[in-house]
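Inspection log for the structure reproduced underneath, given as C-alpha cells.
The values are calculated or read from the model by the stated rules, or taken from the named source; none is laboratory data. As the structure is a computational prediction, the values presented were derived from the model and not from experiment. Cβ placement follows ideal geometry from the backbone for every residue including glycine, while neighbour counts extend to all protein chains displayed.
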Amino acid sequence: MHKLSEKFIRISLINLNIVALLGVILRYKIAFALPIISQKNFLHSHSHFSFYGWISQTLFIFLVEYLYRKGNNEAYKKYFKLIVANLIVAYLMMVSFALQGYGFFSVTFSTLSIIISYLFATLYFKDLNLISTDNVVKNWFKSALLFNIISSIGTFFLAYLMLNKINHLNWYLGAIYFFLHFQYNGWFFFVIMGLFTSKLLEINIYQSKFNTIFIMFFLSCFGAYFLSVPWLNEYLAIHIWAIISSVMQLIAISMFLVIVFKNLEIIKAKLNKVAGILFALSAIALLIKLILQFISVYPPISKIALSFRPIVIGYLHLVLLGIITVFLLAYIVNSGFIKLNKLTIAGIIVFIFGILYNEILLLVQGVAAMQYEYVKHTNELLFSAALVLFFGIFTIIISQTKSLKNLKF
C-alpha cells in the first residue's frame with residue numbers, strides 16, 4: 001500500500017462525513033424550518049459532492065492503488081495532480097451548487113470534473129494495457145471508465161435543455177436518469193466488481209465464468225437504463241430489451257455468488273472479519289436492488305415507484321449507501337487504509353444501523369404515500385436517521401485521530 005493512498009482515503013472519509021452533514025441540513029429543513037438555505041440548491045450540492053467528493057474520488061484512489069500493486073511504481077506520481085484536481089473541483093461544486101444551484105460557476109466546475117474524468121480514463125486505459133495479467137479485472141475497469149464517460153452525455157443534454165429553456169419533463173428526467181444510471185450501474189458498480197474480482201484472483205480463486213459474468217453485466221447495463229424511463233417501455237422492443245437486461249443481471253449475480261459460496265472458507269480466511277461482514281451486507285443490498293429492478297419491469301409497478309419521491313430516494317440510498325458506500329468501507333477496512341479499534345467498529349455499526357433505519361423510514365413513507373396517507377413525524381425521524389449516519393462516520397474519523405495528525409503530503 002502506497003503511503004499517499006492511506007492519506008487520500010482519510011480525506012475521502014472526511015468528505016463522506018461532509019456528505020452526511022449536508023444530508024442532516026436537508027432533513028432538518030424538511031422536518032423543521034431553515035429559510036436561510038435553498039432546499040433545491042443544497043440537494044444539488046449534496047448529490048454532486050457525494051458523487052465526486054466521496055465515491056469517484058475514492059474510486060480514483062483505489063484504481064491508482066491497483067496499478068501500484070501491479071508494479072507501476074510511478075502511478076501516484078502520474079495521477080497525483082488529477083486526484084487533487086478532482087478533490088478541489090468537488091469542493092468548489094459543493095459550495096457553488098449550495099449558493100446558486102445550476103449557474104455559471106457550478107456548471108463550470110461540473111464541466112471541469114468531467115474533463116478530469118476524461119483525462120483520467122485516457123491515461124488509465126494506457127496503463128492497464130501494460131499489465132499482462134488479470135484480463136477480466138482490466139475489462140471491469142475499462143468498462144467502468146467507459147460508462148463514466150457515457151454518463152456525461154446526460155449531463156451535457158441536461159445543460160442543453162436548461163440553456164435553451166426547453167421544458168420537456170420526460171427529456172429532463174431522461175437526462176438525469178441517464179447520468180445516474182451510467183454512474184451508479186456503470187462507473188461505480190463496475191469498479192467495485194473489478195476490485196472484488198482482483199481480490200479473488202489474489203487468493204487464487206479463478207473461474208472461467210468470471211468472463212461470462214462480466215459480459216452479461218456489460219451488455220445488460222445498456223438495456224437496464226430503460227427501467228428508469230417507463231414512458232419508453234411503451235415501445236415493445238425497448239420493453240423486451242429492459243426485461244432481458246434485468247434477467248441477465250440476476251443470472252450474472254447468482255453465478256458470481258455461487259462462486260463466492262463455493263470458496264467461502266478460503267475467502268473468510270483471507271478477509272478481515274469486519275470487512276467480510278460489510279462485503280456480505282453490500283452483496284445483500286445488491287441482490288435486493290436487482291430483485292426490485294426485475295420487479296419494476298412490470299410497467300404499472302415502475303410508474304407507481306417513480307411517481308413517489310420517497311420510493312425513488314429510498315432506491316438511490318439503497319444503491320449509493322447500501323451497496324457502494326458499504327463496499328467502499330469494506331475495501332478500506334480490508335486493505336488496511338484505516339486502523340481498526342473498538343471506536344472504529346462502533347462507528348461502523350452506528351453507520352450501518354443508520355442506513356437500515358433510513359431505508360425502513362423511507363419505505364414506510366413511500367408505502368403511505370402510495371395510499372395517499374401521511375405518517376406522523378416521519379420527517380423528524382428521517383432527520384434523526386441522518387444524524388445517526390453523520391455520527392457513525394464522524395466516530396470512524398475520530399477513531400483515526402492519531403493518524404490524521406500525520407496527514408502530510
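Odds and ends about this structure:
- Residues in the range 252-277 that are of a type in the set (V, I, T) and surrounded by 13 or more Cβ atoms within 10 Å (Cβ to Cβ) were compared, and the one that is nearest to W140 (Cα to Cα) is I253.
- Residues in the range 23-37 that are surrounded by fewer than 17 Cβ atoms within 10 Å (Cβ to Cβ) and among the small types (G, A, S): 1 in all.
- Taken over the range 341-365, the residue count meeting the criterion of being under 25 Å from I304 (Cα atoms), of a type outside the set (A, V, I, L, M) and within 22 Å of the chain's Cα centre (by Cα) is 3.
- For beta carbons closer than 6 Å, sequence separation of 6+ or different chains, a first residue in the range 245-269 that is touching a residue at least 12 places away in the same chain (Cβ under 8 Å) and a second that is outside any helix (DSSP H, G or I), the qualifying pairs are S246/V297; I259/Q207; N263/I205.
- Some residue of the range 6-27 being within 24 Å of G322 (Cβ to Cβ) and either of a type in the set (S, T, Y) or touching a Cys at 6+ places or on another chain (Cβ under 6 Å) (or both): yes
- Criterion applied to S96, S106 was being in contact with a Phe, Trp or Tyr (Cβ under 8 Å, 6 or more places away or on another chain), of a type in the set (G, A, S), modelled with pLDDT of 95 or more and crowded, with 19+ Cβ neighbours inside 10 Å, and the one residue passing it is S96.
This table checks each residue for (1) in a helix (DSSP H, G or I); (2) among the β-branched types (V, I, T).
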{"site": "L180", "(1), (2)": "yes, no"}
{"site": "G186", "(1), (2)": "yes, no"}
{"site": "M193", "(1), (2)": "yes, no"}
{"site": "Q207", "(1), (2)": "no, no"}
{"site": "I213", "(1), (2)": "yes, yes"}
{"site": "F217", "(1), (2)": "yes, no"}
{"site": "W231", "(1), (2)": "yes, no"}
{"site": "A237", "(1), (2)": "yes, no"}
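- In the range 119-147, the residues that are without any contact (Cβ under 8 Å) to a residue 60 or more places away in the chain and farther than 16 Å from E202 by Cα never reach a residue that is among the aromatic types (F, W, Y) and outside any helix (DSSP H, G or I) with C-beta atoms less than 6 angstrom apart, at least six apart or across chains.
- Flag: I243 matches the condition of being assigned to a helix (DSSP H, G or I), surrounded by fewer than 22 Cβ atoms within 10 Å (Cβ to Cβ) and in contact with a Gly (Cβ under 9 Å, 6 or more places away or on another chain).
- Cross-chain or 6+ apart pairs with Cβ under 8 Å, the range 217-234 first and farther than 11 Å from Q293 by Cβ and aliphatic (A, V, I, L, M), then assigned to a helix (DSSP H, G or I) and modelled with pLDDT of 95 or more: L219/S245; L219/M248
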